[in-house]
Amino acid sequence: MADTQRKAELVRKTNETDIKLSFAVDGTGEVKLETDVPFLNHMLDLFAKHGQFDLNVEARGDIDIDDHHTVEDIGICLGQTLREALGDKRGIKRYASVFVPMDEALAQVIIDVSNRPHFEYRAEYPSPQVGSFSTELVHEFLWKFALEARVTLHVIVHYGKNTHHMIEAVFKALGRAVDEATSIDPRVQGVPSTKGVL
Ligand SMILES: [Mn+2]
């Protein structure tokens, strides 16, 4: 698999953040996360472990303001590396719909690796914060990821009581959905689109 492993890396530096990120779709869940946002580290760890991705993120950001730019820009970088890693998308399944429970919480992620960026989000959390992390940043991360990966992404949190659990279920479901949609289906000849291109 070593020669054909689908992976990408990038360095992105702005006045707000400084990010180095490498992402392997065909990984084994090997994760190294050094960002200034501990809750996001926890969520990215779940995403990569449950998607069997390799993910290495080094991110410094202007968290003296708040976590917003750092979370947003990591979403951008992850989306860009996913898109680059997939190349012409030959042979992929393209679609996935995944439910993941986390105790009392249930999340669903539906993805189409479509080259058509679109994001739908239905989630209402009982708490606006998890520790020092603002739950509104989950939306920020996911929609920038969808935009840059150029995927159609629908994220629904059906129910839950514990905000930490609800967001965990989202990131686990995202990992499993990206894994399934990007997996190679031997029945797929070429690119899975009637247009012939994705
Ligand atoms: Mn947890």
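Rule-based calculations on the coordinates, nothing more; no lab input. Nothing here was measured: the structure is a model prediction, and the numbers come from that model. In this analysis, Cβ positions are derived from the backbone assuming ideal geometry, glycine residues included, and neighbour counts consider all displayed protein chains.
Can you give the net charge of the other residues whose Cβ lies under 10 Å from the Cβ of residue 134, counting K and R as +1 and D and E as -1? Local charge sum for residue 134: -4. Estimated from helical segments only, the mean residue ellipticity of the chain at 222 nm is -11500 deg cm²/dmol, where each DSSP H run of four or more residues counts as -39500 (n - 2.57). With a cut-off of 14 Å between beta carbons, the residues surrounding residue 172 carry a summed charge of -3, where Lys and Arg count +1 and Asp and Glu -1. The string of couplings for region 183-198 from the Karplus curve (6.51, -1.76, 1.60, θ = phi - 60°) is 6, 7, 9, x, 7, 7, 9, x, 8, x, 8, 5, 6, x, 8, 10 Hz, one whole number per residue in order, with x for Gly and Pro. Computed on the Cα trace of region 7-182, the radius of gyration divided by the Kirkwood hydrodynamic radius gives Rg/Rh = 0.94. Straightening the chain between residue 197 and residue 122 buys 24.0 nm, computed as 0.36 nm per residue apart minus the Cα-Cα spacing. Seen from every direction in turn and averaged, the convex hull around the alpha carbons of region 2-79 projects onto 4.7 nm². Under the convention that each Lys and Arg Cβ holds +1 and each Asp and Glu Cβ holds -1, the size of the dipole of region 101-168 around its Cα centre is about 180 debye. Multiplying the residue separation of residue 64 and residue 10 by 0.36 nm and subtracting their alpha-carbon distance yields 17.0 nm. Checking the Cα-Cα distances for 7/89; 7/144; 93/195; 144/195; 172/195; 89/172 against a 21 Å cut-off, the pairs over it are 144/195; 172/195; 89/172.
Averaged over residues, the count of other Cβ atoms within 10 Å places the peptides 23-34, 137-148, 99-110 in the sequence 137-148, 99-110, 23-34, highest first.
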